[in-house]
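Undergrad: Please read through the structure below; I'll follow up with questions.
The values are calculated or read from the model by the stated rules, or taken from the named source; none is laboratory data. None of the values given here were measured: they were computed from a predicted structure. Virtual Cβ from ideal backbone geometry, glycine too; neighbours counted across all protein chains shown. Heavy atoms of the whole protein, side chains included, go into the accessibility calculation; ligands, DNA and RNA do not. Shrake-Rupley method; radii C 1.70, N 1.55, O 1.52, S 1.80 Å.
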Amino acid sequence: PPPPPGGATISGRVWNDADRDRTIDSNESGISGRTVYLDADNDSTLDTNETRVVSDSAGNYRFTNLSAGTYKIRQVLPSGWTQTNPANNFGHNATLATNGS
């Protein structure tokens, strides 16, 4: 069954796209310790009031206990890194319905 309202989850994985094809290939590993955040004001900057998590040893991240709404998910890119999916650190959109799914 779907989670109760306010109990929805957004999860994903940060990985090293070595061949820059925007697809996770079997030889590409996750990136641990990467900060991923919900960009509430859509300004491409992690602000102090924005929810954040850090990717685990496999590059996985998870936001829990989210309410219905639309979220912009971005990562903090260290110097020298370029995001390939989506390009230009555009961020991913996720919309959670009122039933928490």
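Undergrad: Quick one: pull the percent of accessible area on the range 1-74 belonging to carbon and sulfur, 1.4 Å probe, ligands and nucleic acids left out.
TA: Roughly 45 percent of what the probe reaches on the range 1-74 is carbon or sulfur.
Undergrad: Related question: Spin-label point model (7 Å from Cα, Cβ direction): what's the E28 to N60 distance in nm?
TA: Inter-label distance under the simple model: 1.9 nm.
Undergrad: Now for a separate question. Check which residues have an amide H placed less than 5 Å from N60's amide H, if you skip close sequence neighbours.
TA: V14
Undergrad: Right, here's the next one. Using only the alpha carbons, work out the radius of gyration and Dmax of the chain in angstrom.
TA: Radius of gyration, then largest Cα-Cα span, for the chain: 14.0, 43 Å.
Undergrad: Right, here's the next one. Net charge around A18, counting only other residues with Cβ within less than 11 Å of its Cβ (Lys, Arg = +1; Asp, Glu = -1)?
TA: With Lys, Arg at +1 and Asp, Glu at -1, the neighbours total -4.
Undergrad: Additional query: Return one whole number: the accessible area per residue of the chain in Å², for a 1.4 Å probe.
TA: Here the residues of the chain average 60 Å² of exposed surface.
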